[in-house]
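Below: the structure, in structure tokens.
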Amino acid sequence: MTSKSITLADCREMDARDPLARLREQFELPEGVIYLDGNSLGAMPKASLKRAQDVISQEWGVGLIRSWNTAGWFDLPRRLGDKLARLVGAKAGEVVVTDTTSTNLFKVMAAALRLQKEESPERRVIVSERNNFPTDLYITQGLIDMLKSLGNADYEVRLIDGPAELDAALGDDVAVLLLTHVNYQTGFMYDIGDVTARAHEAGAVTVWDLCHSAGAVPVDLNGGNADYAVGCTYKYLNGGPGAPAFLWVNQRLQESFWQPLSGWWGHARPFAMETEYDPHAGVRRYLCGTQAIASLAMVESGLDTFEQTDMQQLREKSLALTSLFMDLVAQECAGFPLKLNTPVDTKYRGSQVGYEHPGGFAVVQALIERGVIPDYREPRIMRFGFTPLYIRFEDVWNSVVVLKEILQTGSWDQPKFHQRSAVT
């Protein structure tokens, strides 16, 4: 925490020194809105509108089916993967952008378990966190249920309650360690290299979910010798709502990677229309069916913004933003029932800050009505995401001013703010 009070002038001075400030102009940000939910859905790059128009009106409207070749549609998943690769410590030809995170997770989990069964059949446990993102747990449960229906009844999930329990959970029966790099509830960030090494020493392989870290924090998959990774593009990568996800497999595993969803797009010769499946020799084997070109195209607009900076600059600003927010909340909102659930130690902090509050859901709704948009996650967690590409330090100040007013006046405790919609 700082030793002197932080002022609005301090925040404006930080903005004046910010080397990334120019990038904000490349995003559509509504007037009067402070958008602190880029960890859930990134803001729209201005280039996305024209890109979508071109795809619909020209490439589809004029080019028609010819655009699979003439507009580069066929190779788009791999080309986007190459652009994304440098943001996660991968090489060209190692990443493909396709499908959803859940679908890609099913692919890599099935492949990892199959390979482990061939090499170490006694390993039948998947270790994960109890507060891992639910889809990771649901997909794993569904995969185990499918395996049980096929006669493999002894697979199980072993859940831990935080990193302190990790080593004890990594017994000689563990096949896969499935973790989210940055926890969606707390913002706690694992050290990929350290954790992967511990898993390998125990004989397990790692599957990393990068949804809350790709584009927000430096990731080095190859440097950390990770095995498999998946992630989405619609959060910090600003690919658009429901934008396709990505998948990475370590080069040492690529040719042994078994694609459980062996669709025609992953075939070595998809237009040969052969009866038997023959996987592509490279990264394209991770594909399944015909690709969603309009959504894929908009992912490129988000990725292009990252060509103008590097992850170290983004990380420095991210930590400055989150630290400022934590300091200001401590300075301005002391005495209110706010419980910080995000690491103070920057080594373990992602690009979000979470506070628990007894009326967390209603407080978030009151903030949204005032033009400050975070989001809410159970139990009682108010999540504030800080995207370095477009959030200003003055935005941090103004968001805390509004939070303080809402808490001081108790205006959050109105019936309308307690009514829940389908999405929180």
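The values are calculated or read from the model by the stated rules, or taken from the named source; none is laboratory data. It should be emphasised that the depicted structure is a prediction, and the values quoted were computed from it without experimental measurement. Because the Cβ atoms are built from the backbone with ideal geometry, glycine has one as well, and the counts that use them run over all protein chains shown. The area values use the complete protein model at the heavy-atom level, side chains included, leaving out ligands, DNA and RNA. Shrake-Rupley method; radii C 1.70, N 1.55, O 1.52, S 1.80 Å.
Observations, loosely collected:
- Among the residues of the stretch 175-198, those that are among the aliphatic types (A, V, I, L, M) and in contact with a helix residue (DSSP H, G or I) (Cβ under 8 Å, 6 or more places away or on another chain) comprise ALA175, VAL176, LEU177, LEU178, LEU179, MET189, VAL195.
- Extreme residue, nearest to the chain's Cα centre (by Cα), among residues of the stretch 252-271 that are modelled with pLDDT under 95, assigned to a loop (DSSP other than H, G, I, E, B) and polar (S, T, N, Q): GLN259
- Flag if LEU137 is without any contact (Cβ under 8 Å) to a residue 40 or more places away in the chain, in contact with a Ser or Thr (Cβ under 7 Å, 6 or more places away or on another chain) and in a helix (DSSP H, G or I): yes
- Given (1) within 18 Å of ASN104 (Cβ to Cβ); (2) touching a helix residue (DSSP H, G or I) at 6+ places or on another chain (Cβ under 9 Å), number of the condition HIS212 does not satisfy: (2)
- Of all residues in the stretch 152-175 being open to solvent by 10 Å² or more (accessible area, probe 1.4 Å) and part of a strand (DSSP E or B), the one that is nearest to SER213 (Cα to Cα): LEU159
- The set of residues from the stretch 293-306 being open to solvent by less than 10 Å² (accessible area, probe 1.4 Å), out of contact with any strand residue (DSSP E or B) (no Cβ under 7 Å at 6 or more places or on another chain) and small (Gly, Ala, Ser) comprises just one member, ALA297.
- SER40 vs. criteria open to solvent by 10 Å² or more (accessible area, probe 1.4 Å) and either in a loop (DSSP other than H, G, I, E, B) or modelled with pLDDT under 95 (or both): yes
- Enumeration of residues in the stretch 303-320 that are polar (S, T, N, Q) and in contact with a helix residue (DSSP H, G or I) (Cβ under 8 Å, 6 or more places away or on another chain): THR305, GLN308, THR309
- Exclusive hit being of a type outside the set (Asp, Glu), under 24 Å from GLY187 (Cα atoms) and in contact with an Asp or Glu (Cβ under 6 Å, 6 or more places away or on another chain), set ARG130, ARG86, ARG124: ARG130
- Given (1) in a helix (DSSP H, G or I); (2) in contact with a helix residue (DSSP H, G or I) (Cβ under 7 Å, 6 or more places away or on another chain), number of the condition ASN69 does not satisfy: (2)
- Single residue of the stretch 68-82 satisfying the filter (small (Gly, Ala, Ser) and crowded, with 16+ Cβ neighbours inside 10 Å) that is farthest from ILE293 (Cα to Cα): GLY81
- Candidates MET109, MET146, filtered to the one that is aliphatic (A, V, I, L, M), surrounded by 13 or more Cβ atoms within 10 Å (Cβ to Cβ) and without any contact (Cβ under 8 Å) to a residue 40 or more places away in the chain: MET146
- Screening LEU253 on (1) buried (at least 20 other Cβ atoms within 10 Å of the Cβ); (2) under 26 Å from THR196 (Cβ atoms) shows it passes everything except condition (1).
- Odd one out for VAL127 among (1) over 12 Å from LEU177 (Cβ atoms); (2) not in a loop (DSSP other than H, G, I, E, B): (1)
- Among the residues of the stretch 25-37, just one is farther than 21 Å from ASP375 by Cα and surrounded by 13 or more Cβ atoms within 10 Å (Cβ to Cβ), namely GLN26.
- Single unsatisfied condition, THR290 versus (1) without any contact (Cβ under 8 Å) to a residue 60 or more places away in the chain; (2) open to solvent by less than 60 Å² (accessible area, probe 1.4 Å): (2)
- When ALA92, ALA47 are checked against the criterion of being in a loop (DSSP other than H, G, I, E, B) and open to solvent by 40 Å² or more (accessible area, probe 1.4 Å), ALA92 stands alone in meeting it.
- Some residue of the stretch 109-124 being of a type outside the set (S, T, N, Q), outside any helix (DSSP H, G or I), within 12 Å of VAL207 (Cβ to Cβ) and out of contact with any His (no Cβ under 6 Å at 6 or more places or on another chain): no
- Taking the criterion of being more than 25 Å from LYS317 (Cα to Cα) and either open to solvent by 10 Å² or more (accessible area, probe 1.4 Å) or small (Gly, Ala, Ser) (or both), the residues of the stretch 215-228 that qualify are ASN225, ALA226.
- Some residue of the stretch 7-23 being of a type in the set (S, T, N, Q), at pLDDT 95 or above, in a loop (DSSP other than H, G, I, E, B) and surrounded by 12 or more Cβ atoms within 10 Å (Cβ to Cβ): no
- Single residue of the stretch 24-37 satisfying the filter (in a helix (DSSP H, G or I) and under 23 Å from the mean Cα position of the chain (by Cα)) that is farthest from GLU332 (Cα to Cα): GLN26
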